[in-house]
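Take a look at the structure set out below.
What follows draws every value from the coordinates through simple rules; no lab data is involved. The structure presented is a predicted model; accordingly, all values stated were derived computationally and were not measured. In this analysis, Cβ positions are derived from the backbone assuming ideal geometry, glycine residues included, and neighbour counts consider all displayed protein chains.
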Amino acid sequence: MNMQVPATDRIGRIRGEWARECPALDTSPMEIIGRILRAEHLADALIRAALRREGLDRGGFDVLATLRRAGPPYQLTPTRLYEELVLTSGAVTHRVDALERAGLVERVGGQPDRRSTLAGLTGKGTAVIGRAMGTHMNCEQAMIASLPATERQALAALLTKLLLAIEAEHRKGEHA
C-alpha cells in the first residue's frame, strides 16, 4: 500500500523540535501514540459540538447509548452502567439524575436502595438517542472521509491490534 503522508503535521513539527533539542531522544513513538492522542483531542471536540446540537453532553450521550445498545427494555442497573462506562457509582448517579430531570431516563423498580433500581430509557430518551447516534456516526464518517476504504480497513486492523496489546498490559498492571 503506497500511502501519501503530508510532509509535516503538528506531531512531525514537535518531533523535529525534539530532534534539534535532544538529538539522542527517540521520539518515534510519537508517530503513533502522539497522533492517536492528537486525533482523539480533535475528534472529541467535533463530537462534543455535534452532540450539543442534539442537546446532549458526552456523559449523557454515553449513558443513553449504553442503555439503548443493551436492547429492550433498555434498562440496566447502576452497577452495570458504571461497569460499562468505567465510571464511579457516584458519577453514574449524577449522570442518571441529570438525564432523569431532562425526562430521558427513568428509575424503574422503586427500591429504597438505588443500586438495585434499574435505569431505563423513556420514550423521549429513546428518540433523543436515536437522533444523537445518527448525528454521532455522521460526524465520525466525515472525519474519516479522506481515507479510502482499504486504508480505513488497514488502520482499523492495526488499531485493534495495538488496543488489544495495550488492554492486556493494562490488565496485568491492575493485577500486580
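Where is the GNM fluctuation largest for the chain (alpha-carbon springs, 10 angstrom cutoff): Arg38, Arg58, Arg152?
Answer for the Gaussian network model of the chain: Arg152.
Taking each full run of DSSP H in the chain as one helix, which ones are at least 15 Å long along their axis (Cα atoms) and have mean Kyte-Doolittle hydropathy of at least -1.0? Don't skip to the answer; put the middle values down first.
Details: long enough: 10-21 (17 Å, -1.33); 33-53 (30 Å, 0.22); 58-69 (16 Å, -0.18); 89-101 (18 Å, -0.41); 123-144 (32 Å, 0.08); 149-174 (37 Å, -0.05).
Qualifying helices, which must be both long enough and hydrophobic enough, are 33-53, 58-69, 89-101, 123-144, 149-174.
State the extension gain, in nm to one decimal, for the chain segment bounded by Glu21 and Arg131, taking 0.36 nm per residue of separation less the distance between their alpha-carbons. Each step should come with its number before you reach the end.
Numbers: separation 110, 0.36 × 110 = 39.60 nm, distance 4.92 nm.
Here the answer is 34.7 nm.
Could you tell me what a quarter of the Cα convex hull surface of segment 112-176 works out to, in nm² with one decimal place?
If you wrap the Cα atoms of segment 112-176 in a convex hull and average its projections, you get 8.2 nm².
If the only charges are +1 at each Lys and Arg Cβ and -1 at each Asp and Glu Cβ, what is the size of the charge dipole of the chain around the Cα centre, to the nearest 20 debye?
Approximately 400 debye in magnitude.
Rounded to two decimal places and with Rh computed the Kirkwood way over Cα pairs, what is Rg over Rh for the chain?
That ratio equals 1.07.
For segment 71-149, count the residues as N, evaluate 2.2 N^0.38 Å, and divide the Cα radius of gyration by that value, please.
So the Cα radius of gyration is 1.34 times the expected 2.2 N^0.38 Å.
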